[in-house]
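A quick write-up on the structure given underneath.
Here, each number is a calculation from the coordinates, and none is a lab measurement. Since the model is a prediction, treat every value here as computed from it, not as a measurement. Note that each Cβ is placed from the backbone with ideal geometry, even for glycine, and that neighbours are counted across all protein chains shown.
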Amino acid sequence: MLIVHVHVHVRPECVRAFRDATLANARQSVQEPGIARFDVLQQADDPTRFLLVEAYRTPDAPAAHKATPHYALWRDTVAPMMAEPRSSVKFANCFPDDNAF
């Protein structure tokens, strides 16, 4: 399983719009067969910062996710809302194993 943490910093005036667009994307993303989990977290002490935690079942699942219409809509919608470019860090899970999802 591949776990990706996507760090996002949005402009203060865009927090609500970013959150709405991201939740819409997440609701559709969790329906993809290659996605085991898709969490949207908002930083408690700085609401302009978000963390997306994406858990993919296979190595090909991230590319399949990025090929969906809902991802393209999200990407294009939120691009002008960014206070800085988003960044990501990839992880391999150690526990639980893939069978747990």
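Brief remarks on what is shown
- The residues listed here are A67, A24, A72; of these, the one that is farther than 24 Å from P96 by Cα, of a type in the set (A, V, I, L, M, F, W, C) and surrounded by 13 or more Cβ atoms within 10 Å (Cβ to Cβ) is A24.
- A Cβ distance below 6 Å, combined with a sequence gap of six or more or placement on separate chains, defines the contacts here; from the stretch 30-53, residues that are of a type in the set (F, W, Y) reach residues that are outside any strand (DSSP E or B) in the pairs F38/A26; F38/S29; F38/V30.
- The listed residues are A83, A92, A24, A67, and the only one of them that is without any contact (Cβ under 8 Å) to a residue 24 or more places away in the chain and either among the polar types (S, T, N, Q) or on the phi < 0 side of the Ramachandran plot (or both) turns out to be A67.
- Taken residue by residue, the stretch 27-36 has no member that is under 16 Å from H7 (Cβ atoms) and either part of a loop (DSSP other than H, G, I, E, B) or touching a strand residue (DSSP E or B) at 6+ places or on another chain (Cβ under 8 Å) (or both).
- Some residue of the stretch 51-67 being among the acidic types (D, E) and touching a Pro at 6+ places or on another chain (Cβ under 9 Å): yes
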